[in-house]
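> Below: one structure in structure tokens.
The values are calculated or read from the model by the stated rules, or taken from the named source; none is laboratory data. Just so we're clear, the structure is a prediction, and the values are computed from it rather than from any experiment. In this analysis, Cβ positions are derived from the backbone assuming ideal geometry, glycine residues included, and neighbour counts consider all displayed protein chains.
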Amino acid sequence: MNEHLIEVQDLTKVYGMGAAAVHALDGVNLTIHEGEFVAIMGPSGSGKSTLMNILGCLDRPTEGQYWLGGEDVSKLNKAQLAGIRNRQIGFVFQSYNLLPRSTAIKNVMLPLLYGRRERRSASERETLARQALEAVGLGDRTDHRPNEMSGGEQQRVAIARALVNEPLLIMADEPTGNLDTSSSQEIVDILCELHERGRTIVMITHEPGLGAQSQRIVNLLDGRVVDGEEG
Amino acid sequence: MNLWQTIQVAWEGIAINKVRSFLTMLGIIIGVAAVIIMMGVSAGTEATIADQIAGLGSNLIMVSRGFGGGEHGGRGFETEGLNYEDALAIGEHVSGINGVVAEQIASSQIVRVDSATIETDVIGAMPDFPEVRGVELADGRFFSQQDLDRKAKVAVLGYSTAQELFGDADPIGQSITAGSVRLTVVGVMDEKGLVGQTDYDQRVYVPLTVAFDRFSFSRRFGDRVMTIYVQAESQDTIESAITQIDALLRRRHDLTAMDEADFTIYTQEDIIETQEATTAAFRSLLAWVAGVSLLVGGIGIMNIMLVSVTERTREIGIRQAVGAAPSDIRLQFLVEALVLSLVGGLIGVAVGVGGSWLFGQTSDMRTVVVLNSILLAFGSAAGVGIFFGFYPANRASQLDPIEALRHE
Ligand SMILES: Nc1ncnc2c1ncn2[C@@H]1O[C@H](COP(=O)(O)OP(=O)(O)OP(=O)(O)O)[C@@H](O)[C@H]1O
Ligand SMILES: [Mg+2]
């Protein structure tokens, strides 16, 4: 099933124990093809971020299976998950999550530092980071620090960081949550463009207008997928 | 991430809070510097004392008046302790010895010739002095026993004293006046230099009996002497000489073998042993001081690293999100702690070496910077960094990425 980049079965995530237990995910089934652009939507607290953290290998499910590119990743240890995040996944967060004291290009180079497979020279890393920044239209802002940039620009740096290692999958958790409409549209345009160039994109959003620009909308409610389970 | 990149990242982390990092290092700096300076002073003192002991002469047996002297009822003031007669008796009756010397420092005196006046120590000495105390004669002769018996008004000059009084002229046969006593110079000693605090070249020697009679400081003590120096023929005769001296002095002082002696007999070896015991005690004290300050420095590093991990939780989360494994994070913080302690150690070495030098320049104590102490101090600093850095680093590596990313 090579064309299924992501396949999850009966995924559950339970926070806490006993009476206070919260079933953030309650039997999620989902498949995403390579090259798809999927939007995950649903009310607040429905489990979107929880799902994305598991899909992004930042977290492990309580129960259920998760195959990423044909590999069962639900049983991997922390170090192995870190390797997968580094090579196969790029994250874009609502709050940008850039290193505040580092310049744009240093931020973008960060994933390259942790590559275990290939060791790249300093100049190679810089070239790759510069290319990624150019791809998001920030070729002229490489030496700016986050506090010298607008929210939209910071988020574009974050996207460049997500791209730099050429991952299969880009995951964005409300990437436009802190941005105004025009900046939001810019971000979604960049994601669309990346999609057109073959990347798989999973984006969480609250805004129907942005969700509509994806290929498929997965709707979550109370930890279950109610719509769009399969593409 | 390779080690070099890790060091760069760690250095950036340290450089962000320069003042805080420096204050954190201060404990290590002080610890390391203290070790080097104190070991320097201790080594310097040891060297000085070793010189002093060797400078006394060789195969020496020293007899001093004992601290218990005078408690053994009945004996009057005159027989208390050691006197010139004791020294003569040892020379006469003890076998296996090269010579006997008793000395009396007759306090500082104004010494005059026609052309110059200086103030210098006048020492009453006995004929065997040059041989027993290892001082060579440069010119003329030393006193003979006849000089002592006849209380001849003769003098032997220390090397510098001769120079100061007579310059290039030949002092032999010349007259000098020490205090109110006119003396004829019969000899000049060779250069010996400073041994400990004693300058052997700045002296005037007179026969011991003359010192007893004519120099005020000595007169008050009659013919009593503080120390009698006996030189054994060789290392092997020291034991038997000591036994003979002990028996002889007990007989002369009316003491039985049971009585506590009013004199003490010891050798250079005994002094060295005592010295070594003191130094060993001093050294273990040093080790404690150093250990405690490094411990305090280490706790400081651990404290600041824990603060740093908390402050940078979000940074840790970001690094984890882009693929840093727990081992990467652990290494980063461990290297940071290590860099802190090593830089602290380096500064400490610099301060310690500089401080030792300054100490040696500004006080009359000698300091010797020991390479071992530098290596030891530096190595301990590194050990402290790793030991106290491990817990915070491990804590950082165990952070959950999601919680770390949510951290404000
Ligand atoms: N660490 C946690 N401990 C306990 N409960 C949690 C934790 N994280 C999430 N939850 C709970 O799990 C449920 C799903 O949370 P999640 O963050 O996935 O929602 P979401 O769909 O992303 O919401 P939003 O749109 O507001 O971001 C919520 O009820 C939340 O309270
Ligand atoms: Mg969310």
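> Go through the range A:174-204 residue by residue and tally those that are over 24 Å from A:Gly70 (Cα atoms), touching a strand residue (DSSP E or B) at 6+ places or on another chain (Cβ under 6 Å) and within 16 Å of ligand 2 (Cβ to nearest atom).
2
> Next question, about the same structure. Just need a number here: residues in the range B:303-316 that are surrounded by fewer than 20 Cβ atoms within 10 Å (Cβ to Cβ) and away from chain A (no Cβ under 11 Å).
Counting residues in the range B:303-316 that are surrounded by fewer than 20 Cβ atoms within 10 Å (Cβ to Cβ) and away from chain A (no Cβ under 11 Å) gives 6.
> Now, a different point. Only one of A:Arg130, A:Arg156, A:Arg145 is basic (Lys, Arg) and within 13 Å of A:Val92 (Cβ to Cβ). Can you tell me which?
From the options A:Arg130, A:Arg156, A:Arg145, the qualifying one is A:Arg156.
> Also: Please verify whether the range B:288-300 includes one or more residues that are in a helix (DSSP H, G or I), within 14 Å of chain A (Cβ to nearest Cβ) and more than 30 Å from B:Ile242 (Cα to Cα).
No, that holds for no residue.
> Further question: Within the bounds of the range A:180-193, is there any residue that is within 16 Å of ligand 1 (Cβ to nearest atom), touching a residue at least 60 places away in the same chain (Cβ under 8 Å) and under 17 Å from A:Met52 (Cβ atoms)?
Checking the range A:180-193: not a single residue is within 16 Å of ligand 1 (Cβ to nearest atom), touching a residue at least 60 places away in the same chain (Cβ under 8 Å) and under 17 Å from A:Met52 (Cβ atoms).
> Given B:Arg366, B:Arg406, which one is modelled with pLDDT under 95 and within 14 Å of another protein chain (Cβ to nearest Cβ)?
Within the list B:Arg366, B:Arg406, the selection yields B:Arg406.
> Give just the number: which of (1) outside any strand (DSSP E or B); (2) on the phi < 0 side of the Ramachandran plot; (3) surrounded by fewer than 15 Cβ atoms within 10 Å (Cβ to Cβ) does B:Arg250 not satisfy?
Answer for B:Arg250: the failing condition is (3).
> Would you list the helices (runs of 4 or more DSSP H) that sit entirely within the range B:305-408 and hold 2 or more residues that are of a type outside the set (A, V, I, L, M, F, W, C), more than 16 Å from ligand 2 (Cβ to nearest atom) and in contact (Cβ under 8 Å) with a residue 24 or more places away in the chain?
Per the criteria, B:313-321, B:326-362, B:371-397.
> Say whether the condition of being touching a strand residue (DSSP E or B) at 6+ places or on another chain (Cβ under 7 Å), within 16 Å of ligand 1 (Cβ to nearest atom) and touching a residue at least 60 places away in the same chain (Cβ under 8 Å) is met by at least one residue in the range A:158-172.
Yes, some residue in the range A:158-172 is touching a strand residue (DSSP E or B) at 6+ places or on another chain (Cβ under 7 Å), within 16 Å of ligand 1 (Cβ to nearest atom) and touching a residue at least 60 places away in the same chain (Cβ under 8 Å).
> Could you list, in sequence order, the residues of the range A:194-220 that are within 16 Å of ligand 1 (Cβ to nearest atom) and among the small types (Gly, Ala, Ser)?
Once the filter is applied, which keeps residues that are within 16 Å of ligand 1 (Cβ to nearest atom) and among the small types (Gly, Ala, Ser), the range A:194-220 yields only A:Gly211.
> Could you tell me whether A:Asn77 is within 13 Å of chain B (Cβ to nearest Cβ) and under 27 Å from A:Ile187 (Cα atoms)?
no
> Another question about this same structure. Can you tell which of A:Ile217, A:Ile159 is among the β-branched types (Val, Ile, Thr) and surrounded by fewer than 23 Cβ atoms within 10 Å (Cβ to Cβ)?
None of the others qualify; the one that does is A:Ile217.
Matching residues to (1) assigned to a loop (DSSP other than H, G, I, E, B); (2) touching a residue at least 24 places away in the same chain (Cβ under 8 Å); (3) more than 14 Å from chain A (Cβ to nearest Cβ):
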residue	(1), (2), (3)
B:Ile7	no, yes, no
B:Ala15	no, no, no
B:Phe22	no, no, yes
B:Gly27	no, yes, yes
B:Gly31	no, yes, yes
B:Ala34	no, yes, yes
B:Ala43	no, yes, yes
B:Ala47	no, yes, yes
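> Identify, please: which residue in the range A:58-99 is of a type in the set (D, E, K, R) and without any contact (Cβ under 8 Å) to a residue 24 or more places away in the chain and is, among those, nearest to ligand 2 (Cβ to nearest atom)?
It comes out as A:Arg60.
Condition check ((1) at pLDDT 90 or above; (2) crowded, with 19+ Cβ neighbours inside 10 Å; (3) within 14 Å of another protein chain (Cβ to nearest Cβ)) across all residues:
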| position | (1), (2), (3) |
| --- | --- |
| B:Ile318 | yes, yes, yes |
| B:Leu346 | yes, no, no |
| B:Pro392 | yes, yes, no |
| B:Ala396 | yes, yes, yes |
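> For A:Arg85, indicate whether it is within 13 Å of another protein chain (Cβ to nearest Cβ), within 29 Å of A:Thr31 (Cα to Cα) and either among the charged types (D, E, K, R) or touching a His at 6+ places or on another chain (Cβ under 8 Å) (or both).
The answer is yes for A:Arg85.
> Here's something else I'd like to know. For A:Tyr96, only one of the following conditions fails: (1) at positive phi; (2) out of contact with any Pro (no Cβ under 8 Å at 6 or more places or on another chain). What is its number?
Of the numbered conditions (1) at positive phi; (2) out of contact with any Pro (no Cβ under 8 Å at 6 or more places or on another chain), the odd one out for A:Tyr96 is (2).
> Can you find, within the range A:33-49, the residue that is nearest to ligand 2 (Cβ to nearest atom) among those that are within 14 Å of another protein chain (Cβ to nearest Cβ) and buried (at least 23 other Cβ atoms within 10 Å of the Cβ)?
Within the range A:33-49, the match that is nearest to ligand 2 (Cβ to nearest atom) is A:Lys48.
> Also: Among the candidates A:Leu55, A:Leu112, which residue alone is surrounded by 22 or more Cβ atoms within 10 Å (Cβ to Cβ), closer than 30 Å to A:Ala132 by Cα, within 16 Å of ligand 2 (Cβ to nearest atom) and within 14 Å of chain B (Cβ to nearest Cβ)?
The match here is A:Leu55.
> Filter the range A:115-156 for residues that are within 14 Å of chain B (Cβ to nearest Cβ), among the acidic types (Asp, Glu) and surrounded by fewer than 17 Cβ atoms within 10 Å (Cβ to Cβ) and give the result.
Hits for the range A:115-156 are A:Glu118, A:Glu124.
> Can you tell which of B:Gln244, B:Gln235, B:Gln202 is closer than 23 Å to B:Asp139 by Cβ, touching a residue at least 24 places away in the same chain (Cβ under 8 Å) and among the polar types (S, T, N, Q)?
B:Gln202
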